[in-house]
């Protein structure tokens, strides 16, 4: 059973600080990794995708992937109250697999 | 245009009703998905259509019947649902095929309540 694990939180971070969200996955043969943000009552919104080891930066967001250790993380710099949401980690296991496996999500609260 | 649209936004139905959820995308994507999401849970995959053919059915009860009339449209037909089927139903689309990361983009969802 391929799994994706996240700390459910809640994770509270002061406004302006760095929020760090972590995700581990069970299968070394994984190709694609995604972070989604979901506000309460809304649908998931794709904020980052990462496919290679290392860091990928997009504005205030940085995704970090370490395939050897089987973890992917999301850093949010200069956290804003509008970043308060549930963050879902998703992994596409294997090759040619149309299915995404989601973690249970981490609820992030930014404290003004 | 990176938008996936879904109608209706909200739906209330009785257990004997028949209704349909609709999803549309104009991104040229060839894979489309139905998910079910309960409160405080991650999305749960129901069906995948790839190049207009059903490629994944996650053992969904037959009271849910998907249909893909063309590459831009996806329907979910509902019949004889149970109150426990009340949830947010999400449609998503992705480029499809074996190449690339296959980023999935979600529509806004249909909030379904079964009485």
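We did not get these values from a lab; they are worked out from the coordinates using the rules stated. For clarity, every value in this text was computed on a predicted model and none was experimentally measured. Glycine also receives a Cβ, built like all others from the backbone with ideal geometry; neighbour counts cover every protein chain displayed.
Points worth noting:
- Working from Cα pairs under 8 Å separated by at least six residues, relative contact order for chain A is 38 percent.
- Each residue in A:21, A:65 was given a count of other beta-carbon atoms within 10 angstrom of its own, and listing them fewest first yields A:65, A:21.
- Ratio of Rg to Rh over the range B:58-100 (Cα coordinates, Kirkwood Rh, two decimals): 1.04
- Across chain B, the relative contact order, built from alpha-carbon pairs under 8 Å that are at least six residues apart, equals 37 percent.
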